[in-house]
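K.L.:
First, the structure itself, so that you have it in front of you.
No lab work stands behind these numbers, since they all come straight from the coordinates. This structure is a prediction, so every number in the text was calculated from the model and none was measured. When we count neighbours, we look across all protein chains shown, and the Cβ atoms used for this are built from the backbone with ideal geometry, even at glycine.
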């Protein structure tokens, strides 16, 4: 009887763990809360950069865009930034645009200081509730969207994603 109860408990734990993994996967299928339809046109946006200038999604028309929702206080976000800097350097001439969307509440000066210290070489804009809602509700940080030249979301990542994975996803989009 004890062996049956142990097996039953182990099976229950395994089922719960698998359900948790399935629910937390970075590329959940469309229709789930917080997820956008794959290959759907990316929502347009208009936000302010760290200099107070208006930046629009239309400014990146025809480019492959990595749209990264992040915060200065988020360790996985901080870990991804050097990879985005490298990708921007390497592929900018081929039409890549990395855009950082800061969800920080700390204020522009602290974000600007962080951006300068990190050597961020791509535009950083300040998130508002409108963009977070338009992109399905940002459920965790970082949340990164890969947008093709036609303005369609082709991939979404929730949580830290290795630079190699992002690079593998953008390379075919950059080729004519």
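K.L.:
Zone of residue 89 (label point 7 Å along Cα→Cβ, backbone N under 18 Å): which residues in region 135-176?
P.N.:
163-168
K.L.:
How far, in nm, would the chain grow between residue 54 and residue 79 when pulled straight, counting 0.36 nm per residue and subtracting the alpha carbon separation? If you can, show how the numbers build up before the last one.
P.N.:
Details: separation 25, 0.36 × 25 = 9.00 nm, distance 2.73 nm.
Stretched out fully, the residue 54 to residue 79 stretch lengthens by 6.3 nm.
K.L.:
Here is a further query. Label 7 Å along Cα→Cβ of residue 132; region 51-94 residues with amide nitrogen under 16 Å?
P.N.:
Residues 68-74 qualify, since their backbone N sits under 16 Å from the label point.
K.L.:
Using DSSP, restrict attention to beta bridges with both residues in region 33-174 and report what percent are antiparallel, rounded to the nearest 5. Spell out each step's value before the answer.
P.N.:
Working: 16 of 26 bridges.
Bridges in region 33-174 that DSSP calls antiparallel: roughly 60 percent.
K.L.:
Now for a separate question. At 1.306 mPa s and 10 °C, plugging the Kirkwood radius over alpha-carbon pairs of region 33-174 into Stokes-Einstein gives what diffusion coefficient in µm²/s? Walk me through the numbers on the way to the answer.
P.N.:
Working: Rh = 14.9 Å.
For the chosen part, D equals 106 µm²/s.
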